[in-house]
Every structure is written in C-alpha cells, then in structure tokens.
Amino acid sequence: MYMLNAVTNNAISGTAKFTKRVSGETLVSIALTGTTAGVSSPAHIHLNSVAQGGPIAIDLTAVNGATGKSETSVSKLNSGVAITYDQLLTFNGYINVHESASALSTLIAEGDIG
C-alpha cells in the first residue's frame, strides 16, 4: 500500500493499493478521504518520483468524488508495453490525482510507488 499525500487541499489524502488478480492483471485501487461529491478527479501513474516528475505512463480511472474511490485493472503501459504485477510493484513511478478534468494543473493528492 502506498500513501497519497495532500497537495493543494490538506483535507484530501489516502492510499493506493495494488492487488494481483487471477487474470494476471493488477487492480490499482485508490481510496481518498476529503473528496467532493459530484467531482471526478483524473488519476495517473507517472514515470520517476514525485520530486523528479515525469510523463504519464498509465491512465487510471478517475476518482469518484462521492466515494473517494477509483479502481483500474492494469496489464500494460499507455505505450502498449505489458507490465506484470511484480513489475508494477517495483516500478519507478508515482501516482497523482488531479482536481478535475478542467483543472488538470491542480493536484489534490500524490505519492511515490515502487
């Protein structure tokens, strides 16, 4: 489990959990507290660390503001390259969650993975 720390709103934080599925895919589950009902917050896995920054490697399902949750089955990077559960566990990357699709430059939570 990885911590997702508050960025612009101290009330929002949570976790990301990777679970190996029977199919071989990885279920990426995000659970945030402090989100707002009616707001959908895009989420991604990026290359490198939060401190370094990097391009998007994997698009995740947006976080539902009413529940603070997102679940995405992952088997490949956006480039089409396959990625296993074990590879994702050691992936040099970070997750970030944006305020909304219209406010992508505003991050509400982020955290290093791998």
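The values are calculated or read from the model by the stated rules, or taken from the named source; none is laboratory data. Everything numeric here is computed off the predicted structure, so don't read it as measured data. Note that we place each Cβ from the backbone using ideal geometry, even for glycine, and neighbour counts take in every protein chain shown. Quick note on the areas: whole protein, heavy atoms, side chains included, nothing else; ligands and nucleic acids left out. Shrake-Rupley method; radii C 1.70, N 1.55, O 1.52, S 1.80 Å.
Scanning the range 7-28 for residues that are crowded, with 17+ Cβ neighbours inside 10 Å and not in a loop (DSSP other than H, G, I, E, B) gives S13, G14, A16, F18, T26, V28. Only one entry in S40, S23 is of a type in the set (S, T, N, Q) and at pLDDT 95 or above, namely S40. Give the residues of the range 45-61 that are open to solvent by less than 70 Å² (accessible area, probe 1.4 Å), free of Cβ contacts under 8 Å to residues at least 60 places away in the same chain and not in a loop (DSSP other than H, G, I, E, B), sorted by residue number. The answer is H46, L47, A57, I58, L60, T61. When G114 is tested against (1) within 17 Å of V7 (Cβ to Cβ); (2) modelled with pLDDT under 95, just one condition goes unmet, and that condition is (1).
Note on the range 29-44: among residues that are of a type outside the set (A, V, I, L, M) and in a strand (DSSP E or B), the one that is least open to solvent (accessible area, probe 1.4 Å) is S41. The residues of the range 35-67 that are more than 22 Å from R21 (Cα to Cα) and small (G, A, S), listed by number, are A37, G38, S40, S41, S49, A51, G53, G54, G65, A66.
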